[in-house]
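So the structure is just underneath, and the comments pick up after that.
Bear in mind these aren't lab numbers, they're just calculated from the coordinates by the rules spelled out. Since the model is a prediction, treat every value here as computed from it, not as a measurement. Every residue, glycine as well, gets a Cβ built from its backbone with ideal geometry; the counts of neighbours run over all protein chains shown.
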Amino acid sequence: DAGVTQSPTHLIKTRGQQVTLRCSPKSGHDTVSWYQQALGQGPQFIFQYYEEEERQRGNFPDRFSGHQFPNYSSELNVNALLLGDSALYLCASSLFERVFSGANVLTFGAGSRLTVL
Amino acid sequence: QKEVEQNSGPLSVPEGAIASLNCTYSDRGSQSFFWYRQYSGKSPELIMSIYSNGDKEDGRFTAQLNKASQYVSLLIRDSQPSDSATYLCAVLLNRDDKIIFGKGTRLHILP
């Protein structure tokens, strides 16, 4: 049973550049959430995708955008990179119907570590 | 007030003792609560979920929930060096179905 896979695992960009991170959810999951985790901090919610639409969004600027594909995989795009965007970007998948039962357990991928120079 | 608050630690506990980790949350209507463990350089992994007031036990782990006090805790009995990690408290917000994490508590088990 494949878990959540993310790519790339590490990448280095310079200020002003754009980056795309990719995520394939756990088999059977249909919802993808993205989190940003700065060093020494907890994961911060960026947004959540279900049925190819953004359902929820955290306090992140429009430079952060995403997409979900028909096969449930997802991309996170960040434009005009800032030094402060350096972080571990975590993708987590879940099953949407379990949200309403409250049992919305997230399964995380290994993350993509972004360094902005 | 932050939505999910945890003491960042580090919390140092002797091997074999009980480690107690605490978390408070602000969304009074929240019904689902989670504890994740995160080893350095790794991604979070779920260790416990709890939805009802009271205690829930799973092996050496016990989660405790008090919705009236908006308080969640995690007890780790017979602490092992392998329990040394950051423990993240997470809450499914009632108002908008987002799962929000605290900053995490670093736990260090002393051999």
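Sorting B:R95, B:R60, B:R106 from the fewest to the most surrounding beta carbons within 10 angstrom yields B:R95, B:R60, B:R106. For chymotrypsin sites (Phe, Trp or Tyr not before Pro), the sites in segment A:37-117 that DSSP calls loop and that have at most 12 other Cβ atoms within 10 Å are A:F100.
Determine, for A:H29, B:H108, the number of other Cβ atoms within 10 Å of each Cβ, and report the residues in order from fewest to most. Kindly include the intermediate steps, with their values, before the conclusion.
Numbers: A:H29 19, B:H108 15.
The most exposed by this proxy come first: B:H108, A:H29.
Lysine pair count for chain B with Cα-Cα distance under 19 Å and sequence separation of 8 or more or different chains is 6. Would you please calculate the Kirkwood hydrodynamic radius of chain B over all C-alpha pairs and express it in Å, rounded to one decimal? Mean inverse Cα-Cα distance, inverted, gives 13.9 Å. Could you tally the net charge around A:G40, taking each other residue with its Cβ under 12 Å from the Cβ of A:G40, Lys/Arg +1 and Asp/Glu -1? Local net charge: +2.
Per residue, the convex hull spanned by the Cα atoms of the protein assembly as shown measures out at 125 cubic angstrom.
Roughly speaking, what is the centre-to-centre gap between segment B:74-94 and segment A:1-56 when only Cα atoms are used, to the nearest Å? If you average the Cα positions of each part, the centres end up 23 Å apart. Approximating the spin labels as points 7 Å out from Cα along Cα→Cβ, the A:L117-to-A:T9 distance works out to 2.1 nm. Along segment B:46-54 the Karplus relation, 6.51 cos²θ - 1.76 cosθ + 1.60 evaluated at θ = phi - 60°, assigns HN-Hα couplings of 6, 10, 8, 10, 8, 10, 10, 4, x Hz to successive residues, with x for each Gly and Pro. When you work out D = kT/(6 pi eta Rh) for segment A:8-117 at 4 °C and 1.567 mPa s, using the Kirkwood radius from C-alpha pairs as Rh and the Stokes-Einstein form, the result is 92 µm²/s.
When segment B:39-105 is described by a simple charge dipole with +1 on each Lys and Arg Cβ and -1 on each Asp and Glu Cβ, the residue from B:G59, B:S73, B:L93 located farthest towards its positive end is B:L93.
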